[in-house]
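**Q** Quick one: the structure is below, questions incoming.
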Amino acid sequence: MNFEFFFNNLPELTITGLAFGAIYALIALGYTMVYGVLQLINFAHSEVFMYGTFATLWTVIALNAADANGIKLIAILIVALFASMALSALIALALERVAYRRLIERDAPRLIALISAIGASFVLAELMGLRDRIAGWFGLEDDLSEYVGKARINNSMAGTLEKPRFDVAGVAISSIDIIVIVAAIGMMVLLDQFVRRSRLGKGIRATAQDPETASLMGVNPTRTIQVTFLIGGLMAGVAAFLYMLKIDTTKYDVGFLLGVKAFTAAVLGGIGNLRGALLGGLVLGVAENWGQALFGGEWRDVIAFVLLVLILLVRPTGLLGESLGKARA
Amino acid sequence: MKNLGFRDKLTGLPKPVRILLWILLALFAYALPLLELPIISTPGVDFGGVLFTVTIYCLVALGLNIVVGYAGLLDLGYVGFYAIGAYTVGILTSFHANWPLLLAIPVAVVAAMVSGVILGAPTLRVRGDYLAIVTLGFGEIIRLTAVNLEWLGDARGIKNIAKPPNIGDEKSGLFEIPHLLWGNGTVLVDTEHPTKFLVFGYIDQVPYYWMGLTAVIIVLIADILIKSSRVGRAWEATREDEDAAELMGVPTFKFKLLAFSTGAFVGGLAGGLYASRQGFINPLSFLLLYSILFLAAVVVGGQGNRWGVLLGAILVAYLPQRFREFDDFRVLAFGAALVLLATLRPEGLIPPRRTVRAKQLEQELDELEQGTDEGEEAARV
């Protein structure tokens with residue numbers, strides 16, 4: 001127990017924790033939306049996020065961000081953000097089509113959808129992990145070595161970005177942390193308004209409440225499900241971009257642990273509840289970072305799960321309860 | 001429907017014939033590693049070792065089937081109980097004490113069971129999907145604790161775990177059993193590398209397979225007895241409709257806890273046997289991935305049907321070993337196979353008879369309500 005370190009660095013620890021929590025929250029949205037509409041755990045969502053991190057990395061390499069600065073660097077980063085969102089959304093839609101649609105239409109048992117998603121998750125992760133071999137089939141591994149090399153180890157874009165820190169009342173704050181937190185909360189507010197006010201959002205909530213009645217009222221269930229996956233994918237893309245800004249490094253299996261954490265965050269806040277995902281993510285991120293400072297880094301993940309078990313014992317449906325369908329219009 | 005036909009034929013046979021068939025099947029299973037059949041046998045890996053892994057998966061699948069299939073509780077942290085079994089054996093026989101294995105295994109099983117009760121008592125009150133994530137967290141907590149605690153051997157793990165006691169002389173055992181050797185169209189008896197009955201050594205894995213298979217058969221018989229008892233019916237009632245079961249006088253919470261700890265019992269047993277064969281364990285043997293593989297075995301095979309679950313376990317454990325020539329692409333192929341199996345056979349490879357009957361009944365009702373397909377067509381015209 002390192003109380004001195006903990007209390008001396010409390011503000012920094014909190015802000016870093018919030019930044020991690022914001023990323024968890026953005027990924028958690030994908031789980032929570034799909035769960036709200038379909039009541040199933042979209043296990044492959046972590047891979048949707050992983051593809052986003054690679055889209056960011058590849059854009060940064062392709063546009064040579066290491067040599068750019070000023071306006072040009074910002075433009076490159078914006079392109080990277082859109083590339084990340086686009087690839088993640090594409091993967092999410094493909095996932096819905098291949099792994100889920102048939103099962104949803106046949107009203108199959110929910111557990112089997114989980115297995116299908118697990119299979120899809122393996123396929124997606126391994127495709128990325130074997131990309132050097134797959135490029136080899138086309139004789140491209142040398143031309144693309146910047147992109148497909150190091151397929152099984154860490155791929156880094158460290159050094160392309162300066163990350164200035166600034167002092168606020170004696171507390172050193174990383175500019176990246178602030179960007180991450182603000183961007184994540186901004187996206188959440190946007191999404192929350194979208195689901196509450198827009199036509200598509202109303203359709204999503206109606207389907208979540210009662211799919212049959214919703215389809216009788218003219219909501220196309222297949223379309224709604226697609227939109228749900230699309231939004232989850234877009235948010236995962238944003239999360240992936242922010243994650244790369246903060247961490248710089250990715251790997252073909254980076255999604256797994258983050259996915260588990262994000263799902264934990266979704267459950268913590270009350271699965272199916274958008275605001276719950278945000279709250280759950282932030283709480284989890286801060287708790288982890290505090291716990292890490294107190295007990296040492298090796299206990300980080302243990303703290304996350306112990307917290308989850310404790311909260312579920314007191315509030316069995318998460319902090320805010322489940323309510324994608326029940327949110328007021 | 002084919003399953004049903006097969007089953008009816010089987011139950012139609014006179015009892016002595018049926019028992020004889022079962023005994024023959026068991027004998028064949030015991031002899032499998034000695035026969036070294038072409039096609040089935042795994043090239044490049046020791047067939048006996050692969051078969052041992054298959055029996056461990058079978059045990060785990062049977063245990064998890066009680067939790068997921070019979071009682072309907074989604075458990076994503078089953079590997080935690082498996083780890084508790086393995087670590088208890090490791091600690092008692094090598095790391096902190098010097099017990100014989102036969103004494104350590106019962107303790108390991110009880111430890112797993114107790115941890116099942118400790119985990120279940122507070123968490124089984126939470127609803128389905130929350131239970132999944134809580135159990136997932138439990139599995140990870142167990143593994144990370146093992147990584148971080150020196151008392152549990154941290155990331156390096158535990159070495160020199162006791163082997164089962166030999167029967168007979170250590171050099172040659174009671175007697176030696178030769179393997180078969182399949183040449184180009186001819187069958188030879190390979191007397192140079194016989195299996196010694198019953199020496200648990202380092203190279204020959206066949207005795208371990210026999211041990212695993214014996215455990216599977218015992219658990220299978222226990223499973224048949226429990227399933228057809230009051231307890232089995234209470235589990236199924238709880239799974240189908242908890243409130244209705246409670247109203248009918250089934251104390252659902254108690255039975256869920258019982259299912260959980262029974263499952264943990266079997267998981268602990270499997271972990272203990274695994275640790276003893278392996279000789280050393282470290283936290284990498286208990287990744288979350290294994291919980292997922294175990295669950296895949298149960299669901300792909302057909303949750304709730306013990307034969308389906310066994311088939312699922314055999315597929316999940318055996319296929320990656322058999323197709324080693326795919327090498328790096330094994331996991332990819334396995335994932336694709338999961339997606340295909342799930343979308344093509346959503347009820348599992350061998351669904352429980354009740355599900356099949358319910359499906360048939362539903363279809364018949366639909367036909368009665370809407371008329372046959374042709375009638376509907378005519379009506380539309």
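The values are calculated or read from the model by the stated rules, or taken from the named source; none is laboratory data. All of these numbers come straight from a predicted model, not from anything done at the bench. Note: ideal-geometry Cβ built from the backbone for every residue, glycine included; neighbour counts use all protein chains shown.
**Q** Are there any pairs with C-beta distances below 6 angstrom linking a residue in segment B:119-138 that is in contact (Cβ under 8 Å) with a residue 60 or more places away in the chain to a residue that is buried (at least 24 other Cβ atoms within 10 Å of the Cβ) and acidic (D, E), with the two at least 6 apart or on different chains, and if so which?
**A** B:T135/B:D75
**Q** Could you please find all residues in segment B:226-276 being in contact with a Leu (Cβ under 9 Å, 6 or more places away or on another chain), at pLDDT 90 or above and of a type in the set (D, E, K, R)?
**A** Within segment B:226-276, B:K256 is the sole residue that qualifies.
**Q** I'd like to check which helices (runs of 4 or more DSSP H) are fully inside segment A:181-265 and have at least 2 residues that are surrounded by 19 or more Cβ atoms within 10 Å (Cβ to Cβ) and out of contact with any strand residue (DSSP E or B) (no Cβ under 7 Å at 6 or more places or on another chain).
**A** A:199-209, A:221-247
**Q** For the structure I just gave you, tell me whether B:V219 is in contact (Cβ under 8 Å) with a residue 12 or more places away in the chain and farther than 20 Å from B:L76 by Cα.
**A** The answer is yes for B:V219.
**Q** Inside segment B:347-357, can you point out the residues that are surrounded by fewer than 14 Cβ atoms within 10 Å (Cβ to Cβ) and at pLDDT below 80?
**A** Across segment B:347-357, the qualifying residues are B:R353, B:R354.
**Q** OK, next. Does segment A:189-207 include one or more residues that are modelled with pLDDT of 90 or more and hydroxyl-bearing (S, T, Y)?
**A** Scanning segment A:189-207, I find at least one residue that is modelled with pLDDT of 90 or more and hydroxyl-bearing (S, T, Y), so the answer is yes.
**Q** The conditions are (1) within 26 Å of B:V109 (Cβ to Cβ); (2) assigned to a helix (DSSP H, G or I); (3) modelled with pLDDT under 90, and B:L34 fails exactly one of them. Which is it?
**A** (1)
**Q** Next up: Got a number for residues in segment A:279-300 being within 14 Å of chain B (Cβ to nearest Cβ), small (G, A, S) and either surrounded by 19 or more Cβ atoms within 10 Å (Cβ to Cβ) or under 22 Å from the mean Cα position of the chain (by Cα) (or both)?
**A** Residues that pass the stated criteria total 3.
**Q** Now for a separate question. Identify, from the list A:M85, A:M50, the residue that is closer than 16 Å to A:M244 by Cα and either without any contact (Cβ under 8 Å) to a residue 24 or more places away in the chain or surrounded by fewer than 23 Cβ atoms within 10 Å (Cβ to Cβ) (or both).
**A** A:M85
**Q** Sticking with this one: I'd like to know if segment A:144-165 contains one or more residues that are assigned to a helix (DSSP H, G or I) and under 18 Å from A:G237 (Cα atoms).
**A** no
**Q** Also: Out of curiosity, is A:S121 among the polar types (S, T, N, Q), touching a residue at least 60 places away in the same chain (Cβ under 8 Å), within 25 Å of A:M235 (Cβ to Cβ) and within 14 Å of chain B (Cβ to nearest Cβ)?
**A** yes
**Q** List pairs: first in segment A:91-110 and under 16 Å from B:A296 (Cα atoms) and within 11 Å of chain B (Cβ to nearest Cβ), second part of a loop (DSSP other than H, G, I, E, B) and of a type in the set (D, E), Cβ under 9 Å, 6+ apart or cross-chain?
**A** A:A108/B:E347; A:P109/B:E347
**Q** Given the residues B:L62, B:L76, which is the only one that is within 14 Å of chain A (Cβ to nearest Cβ), within 30 Å of B:I221 (Cβ to Cβ) and in contact with a helix residue (DSSP H, G or I) (Cβ under 9 Å, 6 or more places away or on another chain)?
**A** After applying the criteria, what remains is B:L76.
**Q** Working only within segment B:153-180, note down all residues that are surrounded by fewer than 21 Cβ atoms within 10 Å (Cβ to Cβ), in contact with a Gly (Cβ under 9 Å, 6 or more places away or on another chain) and not in a loop (DSSP other than H, G, I, E, B).
**A** B:F175
**Q** Has segment B:203-218 got at least one residue that is surrounded by fewer than 16 Cβ atoms within 10 Å (Cβ to Cβ), at pLDDT below 90 and within 30 Å of B:F28 (Cα to Cα)?
**A** Yes, segment B:203-218 has at least one match.
**Q** Taking the conditions exactly as written (modelled with pLDDT under 85, within 13 Å of chain A (Cβ to nearest Cβ), under 25 Å from the mean Cα position of the chain (by Cα) and under 25 Å from B:V219 (Cα atoms)), does B:L315 satisfy them or not?
**A** no
**Q** If you don't mind, there's one more thing I want to ask. State all residues of segment B:320-346 that are surrounded by fewer than 23 Cβ atoms within 10 Å (Cβ to Cβ) and over 25 Å from A:W137 (Cα atoms); if no residue qualifies, say none.
**A** Within segment B:320-346, B:L341, B:T343, B:L344, B:R345, B:P346 meet the criteria.
**Q** Checking the conditions here, which among B:L288, B:L257 is closer than 21 Å to B:T123 by Cβ, surrounded by fewer than 22 Cβ atoms within 10 Å (Cβ to Cβ), of a type outside the set (D, E) and within 14 Å of another protein chain (Cβ to nearest Cβ)?
**A** Sole residue among the options that is closer than 21 Å to B:T123 by Cβ, surrounded by fewer than 22 Cβ atoms within 10 Å (Cβ to Cβ), of a type outside the set (D, E) and within 14 Å of another protein chain (Cβ to nearest Cβ): B:L288.
**Q** Here is a list: B:L124, B:L62. Which entry is surrounded by fewer than 24 Cβ atoms within 10 Å (Cβ to Cβ) and not polar (S, T, N, Q)?
**A** B:L124
**Q** Related question: Tell me, which residue of segment A:129-143 that is outside any loop (DSSP other than H, G, I, E, B), small (G, A, S) and more than 25 Å from the chain's Cα centre (by Cα) is surrounded by the most Cβ atoms within 10 Å (Cβ to Cβ)?
**A** The selected residue is A:A135.
**Q** Is there a residue in segment B:93-114 that is within 14 Å of another protein chain (Cβ to nearest Cβ), more than 20 Å from B:G212 (Cβ to Cβ), surrounded by fewer than 24 Cβ atoms within 10 Å (Cβ to Cβ) and without any contact (Cβ under 8 Å) to a residue 40 or more places away in the chain?
**A** no
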